[in-house]
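Comments concern the structure below.
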Amino acid sequence: LIIFLILAIYLLLKRIWKRVDAADYKWFLSMGLLGLLSAVCAFVAFNYLAIGITLFVFYAASTLGGYFLGSILFQERLTRIKIISLLVSLAGLFVIFFATSEQAKFFYLFLSALAGFGFAGWQIFSKKISMFVSS
């Protein structure tokens, strides 16, 4: 709240406040909901799984989600290094999901992956918003 107030006062004094178009509200809403989904799922997963496994699944899912959303929203192409990292992420997720002692806690592994996808959406949609605001 304090940071918001400081930022709002600064923007009002400098008169660099920009009005958001009504068409852009969907991106703000999507970003907020994905951020909320990510935070809730990550919180629950961290309470029931080892931190290392939870973080790896979270990171791998956010990488995969970033590739997927980037290709859809920004028409990004996969380079050789991106394909290699995508395959390594998929192989790591396969090992985590099917070859660890955490397999009995599949639901929490799924929540960690869902948190990673939500985090990727939160980051990617913020870039989509910055494109609209700056243009």
Look through the range 24-45, keep the residues that are touching a residue at least 12 places away in the same chain (Cβ under 8 Å) and over 13 Å from the mean Cα position of the chain (by Cα), and return whichever of them is most open to solvent (accessible area, probe 1.4 Å).
PHE28
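Working carefully through the options GLY116, GLY92, find the one that is within 16 Å of ALA39 (Cα to Cα) and either open to solvent by less than 50 Å² (accessible area, probe 1.4 Å) or of a type in the set (Val, Ile, Thr) (or both).
GLY116
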When you scan the range 8-23, how many residues do you find that are open to solvent by 90 Å² or more (accessible area, probe 1.4 Å) and either in a helix (DSSP H, G or I) or of a type in the set (Gly, Ala, Ser) (or both)?
5
Just a yes or no: is a residue in the range 47-64 small (Gly, Ala, Ser) and not in a helix (DSSP H, G or I)?
yes
Quick one: what pairs do we get from the range 76-88, first residue surrounded by 11 or more Cβ atoms within 10 Å (Cβ to Cβ), second of a type in the set (Phe, Trp, Tyr), C-beta under 9 Å, 6+ apart or different chains?
GLU76/TYR67; LEU78/TYR67; LYS82/TYR67; SER85/TYR67; LEU86/TYR67
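The values are calculated or read from the model by the stated rules, or taken from the named source; none is laboratory data. Please read all numbers here as calculations on a predicted model, not as lab measurements. FYI the Cβ positions are ideal-geometry reconstructions off the backbone, even for glycines, and counts take in every protein chain you see. With ligands, DNA and RNA removed, areas are computed over all heavy atoms of the protein, side chains included. Shrake-Rupley method; radii C 1.70, N 1.55, O 1.52, S 1.80 Å.
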